[in-house]
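Quick notes on the structure that follows.
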Amino acid sequence: MPTGEVVDGHDGRPLAGVAVSDGLVVARTEADGTFSIPRRADAEFVFVTVPSTHRALEGRWFADVRAGASDPLRFELQPGSTGSAGCRFVQVTDLHVSVDGGARLRPMIEAGVEAPAGIAVTGETSGAELRADLELVVEREHPDFIAATGDLADYGQREELAAYREAITGLGVPVASIPGNHDHLSCLTREAIDEFFGAWAMRDDTEGLSAGEEFQREVFGGDWRRAASGRAPWVEEIGPLYYSFDWGGVHFVAYDGEGLRRYGADYPQDAWLAADLSLVPEGTPVVVCTHFPEDREFYRSRFGRVRLVGSISGHWHGTRAWHDGEARHWTSSTLGFGGIDYTPRGYRVVEVDARGARSRWETIEEPSGGTARVAGSAVRVGGRIVVVTEDADVRGSVRAVDGWTRALETAARGGLSAADGLLYLLDLNAQLVALDATTGAPRWAQGLGDPSVRWTLGRPAVAAARVYAGSAMSVDAFVAADGTRLWHTDLASADWAASWSGVCANDDAVVVGAMSDDLHLAVLDPDTGTVRWRHSGRDIAGVCATPVLTDGVVLALRAPGWLAAYDFADGQLQWQQPLDDAWPVALALAGEVALVRSATGRVSAHGVGDGRVRWECDLGPGRRAGRAYSRLPGAPRLPLVVVGDRVWTATFDELVGLDLGSGGVAVTAPVGGEVATVLADGDGALAVTVAGDIVHAP
């Protein structure tokens, strides 16, 4: 059996009571620092749960025992000075390090996706770019350590993981590496695909499974011990795929969510986790680091007996938070390029101590300093402008400028709708709320499902005394005055991928767009919620801004870079027009003209009948990389507001009025700060800054 000792690296004294594991069994060291673990043939590593008295994630805290343990194992832990005062760390996620510009992954990830000529659909990061980003983060934040929560490699290749490992070496702070689904992709080779489907064609007994289902089971899943398992490059280049450590009196668990999904109950991770948590002293704050935003049941079933104060995850390429009692669950966007939800590339700073966990999201190019910012659509009610705000911890508020303020547990990022003296918002926890527009007092609220599995970015739509709200998973209709639920329609299995495409409605139809594999666009009956027609397909070809209804046509902005028109009655494609970027951000209508705002900052006008371009105006990018899958600065995600013969929008810090006939710039007004949104203002327009200041057009 593996035996060994754990000692202090400074003076060699034995360390008693330290947890040591082989990934299944967890043992504690004796008074003399020694340990022993029953031998098992499939053990890969023996690792130490480094206590808060010593520095975790550095030096030799694990040993490779795949070829057998060279007894006795000796772990020398370097002393630290954190004690139990808590810690402050940085989360980065979805790094997608590539050594070939994404060439191997792109054919798979973009299969079946049609993009306009010259449009880059997805993106990746080089090792040098990652290193530069991490050095900036360390210099700016001085964290105790960094947690990198998965998709560290673009295609799970050994050389990509080696480039990642080189990028994190010598930073001055240690890094906790957690695997994601892309880090298991190495088994998806041309040879593996050809071998499987060649054999599949000769099979008589398929057990009732489709070729895709069996391919997933055999090639992606199967026995985790296989040499061809997708885990192999990680094991060789990085080390354990799951483990734990203590820092500042906080217990951290690095969890392999992809392993859970691929290898089933045979994978020893959950048995190890139960043994690991059984040794955690009562009342110790516990934080989970994982790639996938897991649901409520995942955390309750595995962490219900410990004091879970938080979790961090990635995968969705967007930011979100939900809470369950004391525990705050944060999902973060990408470091190397803009998120699918147009989140500028950045990182999360997390502080944990005996009081619990707190966080703030920071962007690389323009740090926010943790202040609350105006977000989403504002409204004017009774001469007063009302905005929503979001702070760096994803909490929020509704605020009448120079008036009342109503706090929100979770921000309503999409903003507000208003009708008949009420305000309507949909927060990131899928809670639909109605407030009195004069006082901010709550009038009614309805949940749209479990917040741990919802991702609702859009705002509600109000039509014919009803309010409609939802996203890819489902849409609901309510009586606008009192919140009585009229109908609920399930549409998709998940809200993946996060989309700003909300709901639009009139007396004749309810339209919802999304970027789920199960749903791109659907038209529903407003009285019953019955689906009249729907489209689906690859997520990265879905609808990324709220559609528009006009004269028997549904207009929609589709990734990767299309304006499309569909017949209202049957959903048939009437025409589609290529745009200049993969992720358009805003759509508006002015009579027979459709107006589009691109993620590059270009505004274009198109004929509703054929989509042909009538004019274009290039307003340029902003100061942050907010374009999905791109490191280049993108234009702000701002609306287009039609007033008379002008269309109003803004650059990063300037209100702009364009001539509706020609696209020429007719009016500009410096705002003096970053613009959050634009509103009609009589026969002109006004800008609301992220700080809540109001600037009227001259």
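The values are calculated or read from the model by the stated rules, or taken from the named source; none is laboratory data. Since the structure is predicted, the reported quantities are computational estimates derived from the model, not experimental observations. Every residue, glycine as well, gets a Cβ built from its backbone with ideal geometry; the counts of neighbours run over all protein chains shown. Side chains included, ligands, DNA and RNA excluded: accessible areas come from the protein's heavy atoms. Shrake-Rupley method; radii C 1.70, N 1.55, O 1.52, S 1.80 Å.
Considering only segment 140-189, how many residues are out of contact with any helix residue (DSSP H, G or I) (no Cβ under 9 Å at 6 or more places or on another chain) and among the hydrophobic types (A, V, I, L, M, F, W, C)?
3
Within segment 108-204, considering only helices (runs of 4 or more DSSP H) that don't extend past its boundaries, which have at least 3 residues that are over 22 Å from the mean Cα position of the chain (by Cα), buried (at least 20 other Cβ atoms within 10 Å of the Cβ) and not hydroxyl-bearing (S, T, Y)? Before the answer, list the steps.
Values: elements: 127-141, 158-168, 190-200.
Counting at least 3 such residues, we get 158-168.
For segment 404-419, check the following and say yes or no: at least one residue is out of contact with any strand residue (DSSP E or B) (no Cβ under 6 Å at 6 or more places or on another chain), farther than 26 Å from A327 by Cα and among the polar types (S, T, N, Q).
Within segment 404-419 (the criterion being out of contact with any strand residue (DSSP E or B) (no Cβ under 6 Å at 6 or more places or on another chain), farther than 26 Å from A327 by Cα and among the polar types (S, T, N, Q)), the answer is no, since none of the residues qualifies.
How many residues does segment 662-679 hold that are of a type in the set (D, E, K, R) and either at positive phi or assigned to a strand (DSSP E or B) (or both)? If you could, list the steps in order and put the result at the bottom.
As a first pass, look at segment 662-679 and keep what is of a type in the set (D, E, K, R): 674.
Add one more test, that the residue is either at positive phi or assigned to a strand (DSSP E or B) (or both), and what stays is none.
Adding up the residues that qualify gives 0.
Within segment 68-81, restricting attention to residues that are out of contact with any strand residue (DSSP E or B) (no Cβ under 7 Å at 6 or more places or on another chain) and farther than 21 Å from A232 by Cα, which residue is most open to solvent (accessible area, probe 1.4 Å)?
S81
Which of the numbered conditions does A464 fail, given that it passes all the others? Conditions: (1) small (G, A, S); (2) within 21 Å of N506 (Cβ to Cβ); (3) more than 24 Å from the chain's Cα centre (by Cα); (4) buried (at least 19 other Cβ atoms within 10 Å of the Cβ).
Result: A464 fails condition (4) only.
State all residues of segment 354-381 that are polar (S, T, N, Q) and either buried (at least 20 other Cβ atoms within 10 Å of the Cβ) or touching a Gly at 6+ places or on another chain (Cβ under 6 Å) (or both); if no residue qualifies, say none. Talk me through it step by step, then tell me what you get.
Here is the first cut: in segment 354-381, the residues polar (S, T, N, Q) are 359, 363, 368, 371, 377.
S359, T363, S377, listed by residue number.
Quickly run through segment 550-564 and pick out the residues that are among the hydrophobic types (A, V, I, L, M, F, W, C) and more than 29 Å from the chain's Cα centre (by Cα). Steps first, answer last, please.
Keep residues of segment 550-564 that are among the hydrophobic types (A, V, I, L, M, F, W, C), which gives 553-557, 559, 562-564.
Within segment 550-564, just V553 meets the criteria.
Under the condition of being outside any strand (DSSP E or B) and of a type in the set (D, E), which residue from segment 318-356 is farthest from L638 (Cα to Cα)?
From segment 318-356, those outside any strand (DSSP E or B) are 318-319, 325-326, 332-337, 339-345, 354-355; that's our starting set.
With of a type in the set (D, E) added as a condition, the list becomes 326, 341.
Numbers: E326: 35, D341: 13 Å.
Checked segment 318-356; the qualifying residue farthest from L638 (Cα to Cα) is E326.
If you go through segment 30-67, how many residues are closer than 20 Å to R225 by Cβ and open to solvent by 30 Å² or more (accessible area, probe 1.4 Å)? Let's see the steps before the verdict.
Keep residues of segment 30-67 that are closer than 20 Å to R225 by Cβ, which gives 37-47, 62-67.
Going one step further and asking which of them are open to solvent by 30 Å² or more (accessible area, probe 1.4 Å), we end up with 38-42, 44, 62, 64, 66-67.
Count: 10.
Considering only residues that are without any contact (Cβ under 8 Å) to a residue 24 or more places away in the chain and surrounded by 14 or more Cβ atoms within 10 Å (Cβ to Cβ), look in segment 1-29 and name the one that is farthest from D270 (Cα to Cα).
By that ranking, first place goes to P14.
Could you identify the single residue in R399, R413 that is in contact with a Leu (Cβ under 7 Å, 6 or more places away or on another chain) and of a type in the set (K, R)? Spell out how you get there, then give the answer.
Details: R399 fails: in contact with a Leu (Cβ under 7 Å, 6 or more places away or on another chain).
Step by step, each of R399, R413 is checked, and only R413 is in contact with a Leu (Cβ under 7 Å, 6 or more places away or on another chain) and of a type in the set (K, R).
Being open to solvent by 70 Å² or more (accessible area, probe 1.4 Å) and of a type outside the set (K, R) is the filter here; which residues of segment 611-630 pass it?
Residues of segment 611-630 open to solvent by 70 Å² or more (accessible area, probe 1.4 Å): 612, 614, 616, 618, 621, 623.
The answer is E616, D618, P621.
Among the residues of segment 417-459, write down those that are open to solvent by less than 10 Å² (accessible area, probe 1.4 Å), within 16 Å of the chain's Cα centre (by Cα) and either within 13 Å of V398 (Cα to Cα) or charged (D, E, K, R) (or both).
Answer for segment 417-459, where residues must be open to solvent by less than 10 Å² (accessible area, probe 1.4 Å), within 16 Å of the chain's Cα centre (by Cα) and either within 13 Å of V398 (Cα to Cα) or charged (D, E, K, R) (or both): just R454.
Is it the case that V554 is modelled with pLDDT under 95 and β-branched (V, I, T)? Walk me through it before giving the result.
On the way: modelled with pLDDT under 95: no; β-branched (V, I, T): yes.
So V554 does not fit the description; no.
Could you list, in sequence order, all residues of segment 7-40 that are assigned to a loop (DSSP other than H, G, I, E, B), farther than 16 Å from A275 by Cα and either at pLDDT below 95 or not aliphatic (A, V, I, L, M) (or both)? Talk me through it step by step, then tell me what you get.
Let us first name the residues in segment 7-40 that are assigned to a loop (DSSP other than H, G, I, E, B), namely 9-13, 15-18, 22-25, 29-33, 37-40.
Within this subset, residues satisfying the condition of being farther than 16 Å from A275 by Cα are 9-13, 15-16, 30-33, 39-40.
Within segment 7-40, G9, H10, D11, G12, R13, E30, D32, G33, R39, R40 qualify.
Only one of (1) within 23 Å of G314 (Cβ to Cβ); (2) touching a strand residue (DSSP E or B) at 6+ places or on another chain (Cβ under 6 Å) is not met by V398, so which one is it?
Status for V398: all satisfied but (1).
Test of understanding: among G601, G591, which residue is open to solvent by less than 10 Å² (accessible area, probe 1.4 Å) and at positive phi?
Values: G591 fails: open to solvent by less than 10 Å² (accessible area, probe 1.4 Å).
Only one candidate passes the filter, namely G601.
Determine if segment 566-574 includes at least one residue that is more than 24 Å from E110 (Cα to Cα), acidic (D, E) and in a strand (DSSP E or B).
yes
Taking the options G83, G4, name whichever one is assigned to a strand (DSSP E or B) and of a type outside the set (F, W, Y). Spell out how you get there, then give the answer.
Details: G83 fails: assigned to a strand (DSSP E or B).
Checking each option against the conditions leaves just G4.
For segment 644-664, how many residues meet the condition of being of a type in the set (V, I, T) and over 17 Å from G622 (Cβ atoms)? Even if it seems obvious, please write down each step before you answer.
Taking segment 644-664 as the starting set, the residues that turn out to be of a type in the set (V, I, T) are 647, 649, 651, 656.
Restricting the remaining residues to those that are over 17 Å from G622 (Cβ atoms) gives 647.
Total satisfying the criteria: 1.
In segment 246-316, which strands (runs of 3 or more DSSP E) lie fully inside it and hold 3 or more residues that are among the aliphatic types (A, V, I, L, M) and open to solvent by less than 10 Å² (accessible area, probe 1.4 Å)?
Values: elements: 250-255, 285-290, 307-313.
Ranges flagged: 250-255, 285-290.
Would you mind telling me which numbered condition in (1) open to solvent by 10 Å² or more (accessible area, probe 1.4 Å); (2) closer than 30 Å to G102 by Cβ; (3) at pLDDT 95 or above G664 fails?
The failed condition is (2).
Can you name the residue in segment 649-661 that is closer than 17 Å to P633 by Cα and part of a strand (DSSP E or B) and, of all such residues, is least open to solvent (accessible area, probe 1.4 Å)? Spell out how you get there, then give the answer.
Applying the first criterion (closer than 17 Å to P633 by Cα) to segment 649-661 yields 650-654.
If we keep only those that are part of a strand (DSSP E or B) too, we end up with 650, 654.
Numbers: A650: 0, E654: 57 Å².
Selected residue: A650.
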